[in-house]
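Single-structure report; data block below.
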Amino acid sequence: TIARLLTRFHDPQGGSVTIDGHDLRDVTIVSLRSQLGVVPQEPFLFAGVVRDNVGFARPDADDEELERALVAVGIDDLVDRLGGLDAVVHERGASLSAGERQLLALARAFVARPRVLILDEATSNIDPAAEAKVEAALDVLLEGRTAVVIAHRLATAARADRIAVVDRPHPQAGAMVVEHGTHEELLALGGRYSEMYATWERHLVEDRSEAADDSP
């Protein structure tokens, strides 16, 4: 819902959504969306070639710009093995792993050079091995720009400058921001975020323990 409000797929029924003090309803759709980049949970890759998929938001981008984007997000080696910018991509990226699809989507966002980037659960469908590469790509992509990162993964949320916890205070209530602050502030608060983070850390310890028990 937050991502859809920011991109104006919906307008709020009450209150307003502002960026730099400007109500988004006062900005033209073309102007707004030309300055936004969105990387969803399931990025859509078109049947075609890597060049068309990565340069989708900026058809005027030359091959050098596209290759720089692939290097920046760390997927250039894979693309080279597949055949370079002319490598065939099947619809929805069927021949690629979830992590590889996400890296291509991040390369696409890198080429678009948005002022504001919206990551809507962009790391939720990838395995731990691919997560490190995607997180490294995000470090490059997010530098110098505002990003709204919607995530259930605590590792992703903890890296944000400011965290807003959305929850229902009680079953009959609508969802709302129940906590807001830095990672350290929210841990010190001892509320919902602190509780989720402690649970996540406990599961990490248990997973590592199980992995150690299974090793020869």
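Nothing in this text is a laboratory measurement; each read-out follows from the coordinates by a stated rule. Source: prediction; values computed, not measured. Here Cβ is always computed from backbone atoms with ideal geometry, including for glycine, and neighbour counts include all displayed protein chains.
The table below lists the values:
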{"quantity": "Of all DSSP beta bridges in the chain, antiparallel share, percent nearest 5", "calculated": "50"}
{"quantity": "Inter-probe distance in nm under a simple model that places probes 7 Å from Cα toward Cβ, at Ala136 and Glu206", "calculated": "3.1"}
